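Presented below is the structure to which this report refers.
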Amino acid sequence: MPDIKVIIPAVNEADSIGKVVSELPKSVSEIIVVNNGSTDNTLENAEKAGATVLTENQRGYGFACLKGIDYVAKQSKTPDIIVFIDGDYSDYPEELDKIVAPILENDIDFVVGARKKSLREPGSMTPQQVFGNQLATFLMRLFFRAKFTDLGPFRAIKYEKLKELEMQDKTYGWTVEMQLKVLRKKMTYAEVPVRYKRRIGISKVSGTVKGTIFAGIKILGWIFKYSIK
C-alpha cells in the first residue's frame, strides 16, 4: 500500500473541517490539518474527527501548506504521495482515490483535480474565480504550452517531487507556483475531472474584493516571473 498523507490548510472552517476529514478514504495514513489562525472551533473539530492538527498563526494559504510540509519532512518515515485539499468541503474528499490514480497506475508525478463546468454545482465558483482560472491557464498555455485547465486546490504529488519544487509562496500564489515549477522542471502531470460544490462558509480569497484582487496579482506575478526567465 502506498503511504499517502493529506495536508489541509484551514482558516475558520469549524462547520466543514470535520466533514472533510471524516470523508477522506481510510487508506490515507495521516490527515494533517493546519489551523491557520482560526478564531472558531476549527482546531477542536479537526481533532475530534481524527486529524493531526498543527498551528500556523501567520495567515496565508502558502504559510499553512509549508507548515504541513515541514512537519512531514521531520518524520522518520516520509510518504510516497502528498495530497492537498481545502477545508471548506467544496471538493468531494472521497474522490482522493481518483486524484492519486494517475500516480499509482501511470507513474505520473503531479495531478490536479480539474473542476469542469459540467461537474460543478451552480454557484460553486464565483465569476471572478472562473475568469481568473481561465486567464491564468490561458497564459500558461501561451507561455509554457501547458495543458492545465484549472488551478484547483485538490491535487496530489509524489513527495520526492514536491521536495524538488522548493515551494516558496506564502499566500495566494501557492497553486500556480506549484504548477509553473512542475512545468519548468519538466515533471509529468495530468488532470482528473472532479466534482465541485458550494463551499460551507465564506471564501477567504474570492469572498472579498480585496482577497480577489490580491490573489489575482499574486497569480499573474508568478506567471510573468517565469515567462521571462
In the chain, with Lys and Arg counted as +1 and Asp and Glu as -1 at Cβ, which of these residues, LEU43, ALA190, GLN58, has the Cα nearest the positive end of the dipole, that is, farthest along it? ALA190
Taking MET1, MET125, MET167 and counting other C-beta atoms within 10 Å, the order from fewest to most: MET1, MET167, MET125
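Taking the DSSP beta bridges in the chain as the whole, what percent of them are antiparallel, to the nearest 5?
Details: 7 of 27 bridges.
Beta bridges within the chain, antiparallel portion: roughly 25 percent.
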Give me PHE144, PHE138 sorted ascending by neighbouring Cβ count inside 10 Å, so fewest comes first. PHE138, PHE144
For Rg/Rh (Cα atoms, Kirkwood Rh), pick the label among [x] 0.93; [y] 1.02; [z] 0.95 that corresponds to the value derived from the coordinates. [x]
To the nearest 500 deg cm²/dmol, what mean residue ellipticity at 222 nm is calculated for the chain from DSSP H runs of n ≥ 4 alone, each contributing -39,500 (n - 2.57), summed and divided by the residues? -12500 deg cm²/dmol
Please identify, among ALA51, ALA14, ALA146, the residue showing maximal mean-square fluctuation in a Gaussian network model of the chain using a 10 angstrom Cα cutoff. ALA146
Points 7 angstrom from Cα along the Cβ direction at PHE144 and SER22: gap in nanometres? 3.8
If you plug each phi of segment 56-64 into the Karplus form 6.51 cos²θ - 1.76 cosθ + 1.60 with θ = phi - 60°, what whole-Hz ³J(HN,Hα) values come out, in order, with x for Gly and Pro? 10, 7, 6, 5, x, 4, x, 4, 5
Most mobile listed residue (GLY87, GLY132, GLY123) in the chain, GNM with C-alpha springs under 10 Å: GLY123
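Quick note: the coordinates plus some simple rules give every number you see, no bench work behind them. Quantities reported herein were computed from a predicted structural model and do not represent experimental measurements. Cβ atoms come from the backbone with ideal geometry, glycine included; neighbour counts cover every protein chain shown.
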